[in-house]
Amino acid sequence: MKIMLIRVHVHTLQLIPPLGLGYISSSLDKHGIENQIIDGLRDNLTNENILEVIKKEKPEAVGISCMTAEYNVVADLSNIIKNSGLKVKVIIGGVHATIFPYQTLVDSQADFVICGEGEKAFVQLAMNNFDNEGIKGVYSLADLKENSDNIQFAEYEENLDNLPFPAWEKIRPETYRQRPAGLIYKKMPIGYVMTSRGCVCACTFCANPFLSNKRVRFRSIENVIAEIKLLIEKYGIKEVQFEDDSLTA
């Protein structure tokens, strides 16, 4: 089995490694599932370029991350894949798909959406030969009705130390040079690290209260230091930027 994880290309001022895909990739690696990451944003790939890569690599499934700013491009890519004649399962995850799963499936023709954190759900779906029966938080269009109010989130890892580090060998930090987060930095290359997930606040402009239920899970200090050491010693990073939603918590 081969899986391709994709970030699409959109106009943005910042360019950092796709940590979410990195975590899903390393989780698949942990279970012996072959996968690769295609970063259309870093490599300036159009959807047509990505389709050519898919035709060449012939994965059984592709997983596409989707934030709201990426939605139209993601839906377009999914439709291109589903209408190409290729027998490829399409799975869409991320914030937008979590909050609007039904409309995402309608607009994209994707086979599944994953609501919530994707590490465990994606592994379960792959190991179940892309049958979502009994997998929490994974939905096909047949599973949903418009404005469904009984959406469940995918099972998540309570102890973040149990998650392997992002697959840094596939999203090497030295290849992300042009537009770091916030456009503020002193030295390149930069290692981007998440020490926690969630946020205690209830800001109305943010999706996090819905996604995390105003709760934060933390990695241990030792686990964070181990990742920073890896990034310094193996990948030669000169700076660390933390990507937590609520670092000061």
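The values are calculated or read from the model by the stated rules, or taken from the named source; none is laboratory data. The structure presented is a predicted model; accordingly, all values stated were derived computationally and were not measured. Cβ: placed from backbone, ideal geometry, glycine included. Neighbour counts: every protein chain shown. The protein model used for the area step is the full one, side chains on, heavy atoms only, and it has no ligands, DNA or RNA in it. Shrake-Rupley method; radii C 1.70, N 1.55, O 1.52, S 1.80 Å.
Remarks
- Added length on full extension, which subtracts the Cα-Cα distance from 0.36 nm per residue, GLU222 to MET188: 9.8 nm
- Packing, as the average of other Cβ atoms within 10 Å across residues, places the peptides 73-79, 50-56, 193-199 in the order 73-79, 193-199, 50-56, highest first.
- Region 106-134-region 10-56 distance, computed between alpha-carbon centres (Å): 17
- Net charge dipole size for the chain [Lys, Arg +1 and Asp, Glu -1 on Cβ; Debye, nearest 20]: 580
- Taking the chain as a whole, the Cys residues whose C-beta sits 4.7 Å or farther from every other Cys C-beta are CYS66, CYS115, CYS199, CYS201.
- Of all DSSP beta bridges in the chain, antiparallel share, percent nearest 5: 20
- Amide H partners (placed H, <5 Å) of ILE92, local residues excluded: ILE64, PHE112, VAL113, ILE114
- Residues in region 44-61 carry Karplus couplings, in order, of 6, 9, 6, 4, 5, 4, 5, 4, 5, 5, 4, 4, 6, 7, 6, x, 6, 8 Hz; the curve used is 6.51 cos²θ - 1.76 cosθ + 1.60 with θ = phi - 60°, and Gly or Pro positions show x.
- The label-point distance for GLN241 and ASN44, in a model that sets each label 7 Å from Cα toward Cβ, rounds to 2.0 nm.
- Relative packing of 5-13, 157-165, which averages over residues the other C-beta atoms within 10 Å, highest first: 5-13, 157-165
- Remark on LEU5: its backbone amide H falls under 5 Å from those of GLN36, ILE37, ILE38, GLY63, a criterion applied only to residues 5 or more positions apart or on other chains, H modelled at 1.01 Å from N.
- Reachable lysines from LYS2, criterion Cα separation under 28 angstrom, eight or more residues apart if same chain: LYS30, LYS55, LYS56, LYS58, LYS82, LYS87, LYS89, LYS120, LYS136, LYS170, LYS234
- Ordering ILE81, ILE54, PRO17 by the projection of their Cα atoms onto the charge dipole of the chain, which places +1 on the Cβ of Lys and Arg and -1 on the Cβ of Asp and Glu, puts PRO17 at the extreme positive end.
- Projected label distance in nm at ALA181 and MET127, using a 7 Å step from Cα toward the beta-carbon: 3.0
- Karplus-derived HN-Hα couplings along region 85-97 (A = 6.51, B = -1.76, C = 1.60, θ = phi - 60°), whole Hz, x at Gly and Pro: x, 6, 8, 10, 6, 10, 10, 10, x, x, 4, 5, 5
- Mean separation of Cα pairs under 8 Å and 6 or more residues apart, divided by the residue count, gives region 115-249 a relative contact order of 25 percent.
- The fraction of accessible area contributed by carbon and sulfur in the chain is 52 percent, rounded to a whole number (1.4 Å probe; ligands and nucleic acids excluded).
- Peptide ranges 34-44, 112-122, 201-211, 87-97 listed from the most packed, as the mean C-beta count within 10 angstrom indicates: 112-122, 87-97, 34-44, 201-211
- Electrostatic dipole magnitude of region 114-217 [Cβ: Lys, Arg +1; Asp, Glu -1; Cα centre; debye, to 20]: 800
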